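Take a look at the structure below.
The values are calculated or read from the model by the stated rules, or taken from the named source; none is laboratory data. Note that the coordinates shown come from a computational prediction; the quantities given were computed from them, not determined experimentally. Note that we place each Cβ from the backbone using ideal geometry, even for glycine, and neighbour counts take in every protein chain shown. Please note that ligands, DNA and RNA were not included when accessible areas were found on the heavy atoms of the full protein model with its side chains. Shrake-Rupley method; radii C 1.70, N 1.55, O 1.52, S 1.80 Å.
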Amino acid sequence: MNKLPSPAEIERQLRRIQGEVSPNEARTSLFNLVIYAQPQHGSIVETAVNGLLGKRPARVIHIVEAQAETRIDVSARCVEDWEGREVCIQEILISSGPDKSGQSPGTWIPLLIKEIPVYIWWLKDLGNKADEIINLLEDQGDHLLVDSRSDANFLQFYQDFLRQGGLNRLPLDDVAWQSLYPLFKLTAQLFNPTENRELLPQLSQVSLEGGSPAEAFFYFAWLRSKLNWQGKWAEFKGACNAVDPQGGPVSCVHLRQQDFREGFKVTFKIRTGGELFLQGRTDGTAVLTSVRGTSFTAVYQAPGIDQVLFKEVDRDTADRLFLEALGAVAI
Amino acid sequence: MSIFFVKSVAATLSAAHSDNNLNTMSTNPLLDGLTFAREPGSFALYIFGATGDLTRKKLIPALFSLFTKGIISHFRIIGFARRPWTREFFQNEARSMLDHGPARAASTAVKDAFLEKLDYISSTFDNPEGYAQIEAAAQGMEGRIFYLSTPPNEYPAIIENLGRAGHHHAPPGGYSRIIVEKPIGRDLASAKELNTQLAAWFDESQIYRIDHYLGKETVQNLLVLRFCNNIFEPLWNNHFVDHIQITIAESIGVGTRGNYYESSGALRDMIQNHAFQLLTLLTMEHPGELSAEAIRSEKVKILKSLRPITFREVNRYTVRAQYSQGVIEGEEVPGYRQENGVAPDSMTETYVALELGIDNWRWAGVPIYVRTGKRLSRKSTEIAVYFKEPPHQLFRTGGQLPPPNSLIIHIQPEEGISWNVNSKVPGYITTVRPVNMDFAYGSAFGDTTPEAYERLLLDCMVGDSTLYTRRDEVETSWAFITRILQGWSQNQTPMASYPAGSAGPEDAKALLNHRGKKWRKL
């Protein structure tokens, strides 16, 4: 294992670099963001961290697996904000070599700014890593963000995570869940007029065209938690069944995998006949159509990873709706 | 894949959603927990005076912003004004209103979707035929909001015609609300008259008197600062507070508003509404709950506790002044009496300073100094709470006592809070000097905050009147202000002068000097 620079040396370098890029008064960092990633995640991380530039001063510790020896590089980027003060992102890139020393908390914990929150963004595979994640990060992190959108084993992860009591040990959020909020809002808006709201207890089927399996699962879980659907969801292979509070069967179907930004459609079938629709278009709008066929247009923007991360680092508690949805499918 | 979640989590979490009663559906369960849970439902917003500046600069951009954020989507906006515009013309005008600021970045599709919801009624404000078109223009929306964005002299005709046409009645399943822009009167009598006109048709719960100051994040943050942080409350009284200064300073002059300003002045334009909002939020008691009625009632109690300034006392407790020619930001600017629309012998004040007292248990004996003015050296709105000296001061520097602590609440242009505390200067001897502990609001929330009108319009849509002023609040503040106005006219209080670009008139300094205090630097 080669000798890494000491934390004091890294702090000195950061101060010097930030002083060079931002000779004016800079805002105080608000949080630490620790990113566990693999090399292929480079552009995602860059996009997400760029979303914080000029808005949230922070220290970002980016731990990425590497083939070469473990090393640490530091940099700083500053942007003048709307009040004319510098907002800086201090970046510490830990390239963790084959000895994996860079991934050890002992390497990055001394680099955290004390007394401010520590957000951890786990971009690596989830699968059966729940135990590892909890054990590794429980004592250091205040908030964990994962992304199950492209993870085929996301349910395995959640099963393990909850079995370990993970929610009480490390507040958790998921990019797949957060990316659904605009769709939640549209759905709520569709059923807000009294005549549509009265149809909620009569839903017999909800079909979603678009999104990843994880997003579809969480969307149905959200509906289930809000509408008090019961029944065991033994598994999720693109479809699920439940029973509404009146005892009526409700089914949910995920019909097509597609990025929400490329369009989507949600169809709500009513037991007594008729359907309501949400149709997302690629131009940033969506059409909401009620059972009588009347429709109106609303704004729909699927959030990018930068927007999700931006929202996440402002959160200091767990997302109640997410917990409720997880709780609902656990019944 | 199987789903096997532990029972303990399920048990904890299921309680949170067991309240949904799907049989009644009186509320939308899907809205629960969403950031826009204050869902306004479908509504039609009628803007009277839609061809004016407020619509262009504030209302349309604010409504568009709410639309782009997905907070409102099922609505109609109907302009109502004299000009013979068509729906298409209004839509085109509105499109040009979206060519500035954040709206510029929106896509054409989103703008089109918004503009499609706009309509226009061309009518004079006293023509019943115009009001007969209102219902059809709503196109089935459930709520009705009537926004009076006209000169105040048009208010009576609009209110009367809305009432006669029955628009004060809520449509089935919806509501009918009216938003009235300031000024709400120009003295107690005219405020009462307007309120009586409104009350003839609309219930108080339907009336939303707007003061855009209350839409500002830092003004709202006053309540959070006071009642969410236990460290302040024990100090927030006459045992610890020496005096308070409230400053609303502007560097701009009257500009093109000379005509309007001549009939208004700083006391009416800033003190009666904005300054008193800051004062009441700063000094009110804990409201017990976050309801509109509870908060507004506490504010009214403060206004009722203000020690009246009688006409005999105006020269002692008030200062009024006009700006004269001077230099602002390196540019020579004319005096007030040389501004367009201003009489050469005008007696309208562009600056006012007051010494106030609140006669209640908490604040008795604490002088509160309020000042506002145009063409001052810099734009600054802030509240400074000065604390008393420690009972026994150990430390002196050069024989001098260290300055007392102060808490500064910056409202604009930079929002934040500063504590002034005394600290030891490093060295072998004990030298004390004041240092600032700064909290810049923007450092925690570095992006721009919502425009005040966005928040206020949304509040009206969802029926939350907390940030609007109630009738008794308006009339109580006018009762206080009207005494001063009468005192000025009866006592012929001198009109002092201050050069544009200065910190205000010399007379204002005397207001504090006799108590051994000074205004904060601007």
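Miscellaneous remarks
- With 0.36 nm allotted per residue and the present C-alpha distance subtracted, the A:GLN38-A:ARG15 stretch has 5.5 nm of extension available.
- For the protein assembly as shown, with all protein chains in place and a probe radius of 1.4 Å, 51% of the accessible heavy-atom surface sits on carbon or sulfur.
- Between helix A:213-227 and chain A: long-axis angle, C-alpha atoms, 0 to 90°, nearest 10: 60 degrees
- Take the Cα of A:THR317, step 7 Å toward its Cβ, do the same at B:LEU290, and the gap between the two points is 1.0 nm.
- Accessible surface of A:SER207 - all protein chains present, 1.4 Å probe, nearest 10 Å²: 10 Å²
- Per-pair calculated FRET efficiency, R0 = 30 Å: B:ARG378 and B:GLN492 via Cβ, rounded to 0.05: 0.40
- FRET efficiency, 1/(1 + (r/R0)^6) with R0 45 Å, evaluated for B:SER263 and B:ARG87 via beta carbons: 0.80
- Across peptide B:392-401, the average count of Cβ atoms from other chains found within 10 Å of a residue's Cβ is 0.
- Beta bridge orientation in the range A:26-154: antiparallel %, DSSP, nearest 5: 30 percent
- Of all DSSP bridge pairs formed entirely within chain A, close to 55 percent run antiparallel.
- Diffusion coefficient of chain A by Stokes-Einstein, Kirkwood radius over Cα pairs, 4 °C, 1.567 mPa s: 60 µm²/s.
- Point-to-point label distance, B:ASN127-A:ASP259, nm (Cα→Cβ direction, 7 Å offset): 5.3 nm
- The antiparallel fraction among DSSP beta bridges confined to the protein assembly as shown stands at about 55%.
- Protection proxy ranking of B:316-323, B:481-488, B:223-230 - average other beta-carbon atoms within 10 Å, highest first: B:316-323, B:481-488, B:223-230
- For chain B, the longest principal axis of the alpha carbon atoms and the long axis of helix B:155-164 meet at an angle near 30°.
- Gain in span if fully extended, B:ILE231 to B:ASN513, counting 0.36 nm per residue against the direct Cα distance: 98.4 nm
- Distance between the modelled labels on B:MET437 and B:ARG104, one decimal in nanometres: 4.2 nm (7 Å Cα→Cβ projection).
- For the options A:ASP147, A:ASP244, A:ASP173, a Gaussian network treatment of chain A with springs between C-alpha atoms closer than 10 Å singles out A:ASP244 as fluctuating the most.
- Peptide A:318-329, shielding by other chains (average Cβ, 10 Å cutoff): 4
- Within the range A:1-72, GluC sites (Glu not before Pro) in DSSP loop having at most 16 other beta-carbon neighbours inside 10 Å: A:GLU25, A:GLU69
- Taking θ as phi - 60° and the Karplus parameters 6.51, -1.76 and 1.60, the scalar couplings of the range B:104-115 work out to 4, 6, 5, 6, 4, 4, 5, 4, 4, 4, 6, 5 Hz in sequence order, x denoting glycine and proline.
- Among A:PHE31, A:PHE236, A:PHE218, residue whose mean-square fluctuation peaks in a GNM of chain A (springs only between Cα atoms under 10 Å): A:PHE236
- Backbone geometry of the range B:63-75 corresponds, through the Karplus equation with coefficients 6.51, -1.76 and 1.60 at θ = phi - 60°, to 3J(HN,Hα) couplings of 5, 5, 4, 4, 5, 5, 7, x, 7, 10, 8, 10, 7 Hz, x marking Gly and Pro.
- Here is the size of chain B from its Cα atoms: Rg then Dmax, 25.7, 87 Å.
- Peptides B:97-109, A:313-325 ordered by packing proxy, namely the average of other Cβ atoms within 10 Å per residue, highest first: A:313-325, B:97-109.
- Förster radius 41 Å - calculated FRET efficiency between B:ARG312 and B:ARG520 (Cβ-Cβ, nearest 0.05): 0.90
- The HN-Hα couplings worked out from phi for the range A:303-312 by the Karplus form 6.51 cos²θ - 1.76 cosθ + 1.60 (θ = phi - 60°) are x, x, 5, 5, 5, 5, 5, 4, 5, 5 Hz, whole numbers, x standing for Gly and Pro.
- Cα-based helix-to-principal-axis angle, B:292-305 vs chain B, degrees rounded to 10: 30 degrees
- Amide H within-cut-off set for B:ARG186, under 5 Å, with H built and near neighbours excluded: B:ALA191
- Residue range of chain B that is longest and free of GluC sites (Glu not before Pro) which are both DSSP loop and sparsely packed (at most 15 other C-beta within 10 Å): B:330-522
- For the peptide B:412-420, the mean number of other protein chain Cβ atoms found within 10 angstrom of a residue's Cβ is 1.
- Using 0.36 nm per residue and subtracting the Cα-Cα separation, the extra length available between A:SER75 and A:ALA239 on full extension is 54.3 nm.
- Near-label residues of the range A:62-83 by backbone N, under 16 Å of a point 7 Å along Cα→Cβ of B:GLU217: A:81-83
- When you count the other C-beta atoms within 10 angstrom of each residue and take the mean per peptide, B:64-72, A:220-228, A:92-100 line up highest first as A:220-228, B:64-72, A:92-100.
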